[in-house]
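The values are calculated or read from the model by the stated rules, or taken from the named source; none is laboratory data. Keep in mind the model is a prediction, meaning the values are calculated, not measured. Neighbour counts are summed over all protein chains in view; Cβ atoms, including those assigned to glycine, are modelled from backbone coordinates with ideal geometry. Protein only, heavy atoms only, side chains kept; ligands, DNA and RNA dropped before computing areas. Shrake-Rupley method; radii C 1.70, N 1.55, O 1.52, S 1.80 Å.
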Amino acid sequence: MDFGVHLGGVNPRLWGEVAEEADRLGFESLWVPEHVVVPLESEGSPHAGSDHPPIPSDVPIFDMMGVLCHLAARTARIRLGTCVYNIGLRHPFLTARAAATVDVLSGGRLAFGIGAGWLRSEWEAMGLDFDRRGRRVDEAIAVCRRLWSEDVVEHHGEFFDFGPTAFEPKPVQRPGPALHVGGDGAAALRRAATVGTGWMPMNHTLERLPGSLARLNELAERAGRTEPPEVTLPGAAPSRPADLEPYAEAGVTRLIVTPWSRSREALDGLRRFADAFGAFLAPAAPSG
């Protein structure tokens, strides 16, 4: 079981310090949240049922790729993840460029969590069709993967159209950054099985996971994969090693945790978690 840390639960002013401490303590990955814009008139959320209010419009939103470049400079080993990047809202040139930049500057540490998004008003504010987002996301992924791996790319599709172009630099990870597909529906499972390093369920209970993972592994086998996809579960809160057994039995390979309740407790929370789960962490070697 790997452990990631979600930075969305701590004041952004502390992100650098938390990243450095998580790296030192041996956490496997860091994950940052993202939106492009949250209009005042917004409805719905996949995270806690239909009565859960959407995030407020005035919540501070940073460009996650800029944040990850900053964190790459402050860390040495820990992977840098997006939880999750709405890949359909941008042209693939912008996505592929940003992801490649993070991957190169971090020495190949980008864990690129991507999704189709749930906020209709965000898509509409960008002038995009929310109801066609699935096809746009599929095409964006396909174009990005080609830009990351091919010398010259030409594309004429439903949403994106361009003539022959080279695209440099290529990411350190080949043929491209590890893709962790976020979402709970059939399309997310299909993407995770066919193009993803792993799947990131966003609103799955432990009881629901085995059935979905059986379907995921079936799709992966059909796609010719020999290794099962990774499964990353955000929002877990284990307090002792015995708490990990149900997750492992369900097929989870990575938990994203936030072991604190208030920002000022974040560093101490990381240390307490490391004390309890040290056998699962890989602390950095002492300098000198």
Worksheet entry | Residue tally, condition of a type in the set (Phe, Trp, Tyr), at pLDDT 95 or above and not in a loop (DSSP other than H, G, I, E, B), over the range 271-288 | 1
Item to complete: Quick one: in the range 72-88, of everything that is over 15 Å from the mean Cα position of the chain (by Cα) and either among the hydroxyl-bearing types (Ser, Thr, Tyr) or over 15 Å from Ala100 (Cα atoms) (or both), which residue is surrounded by the most Cβ atoms within 10 Å (Cβ to Cβ)?
Response: Thr75
Worksheet item: When the range 176-213 is examined, which residues are found to be open to solvent by less than 60 Å² (accessible area, probe 1.4 Å), assigned to a helix (DSSP H, G or I) and farther than 25 Å from Leu110 by Cα?
Response: Leu209, Gly211, Ser212
Worksheet item: Of the residues that sit in the range 260-277 and are out of contact with any Pro (no Cβ under 8 Å at 6 or more places or on another chain) and either of a type in the set (Asp, Glu) or in contact (Cβ under 8 Å) with a residue 60 or more places away in the chain (or both), which one is surrounded by the most Cβ atoms within 10 Å (Cβ to Cβ)?
Response: Ala266
Discussion item. Whether any residue in the range 215-231 is closer than 19 Å to Ala187 by Cβ, in contact (Cβ under 8 Å) with a residue 40 or more places away in the chain and not hydroxyl-bearing (Ser, Thr, Tyr) is what I want to check.
Written reply: yes
Worksheet entry | Odd one out for Ala220 among (1) of a type in the set (Gly, Ala, Ser); (2) within 20 Å of the chain's Cα centre (by Cα); (3) part of a loop (DSSP other than H, G, I, E, B) | (3)
Response to the item:
Among Ala187, Ala193, the single one that is farther than 22 Å from Gln173 by Cα and among the aliphatic types (A, V, I, L, M) is Ala187
Discussion item. Looking only at the range 118-172, count every residue that is buried (at least 17 other Cβ atoms within 10 Å of the Cβ), assigned to a loop (DSSP other than H, G, I, E, B) and not aliphatic (A, V, I, L, M) and tell me the total.
Written reply: 5
Practice prompt. Take the range 243-270 and flag every residue that is part of a helix (DSSP H, G or I), touching a helix residue (DSSP H, G or I) at 6+ places or on another chain (Cβ under 7 Å) and at pLDDT 95 or above.
Written response: Ser263, Ala266, Leu267, Leu270
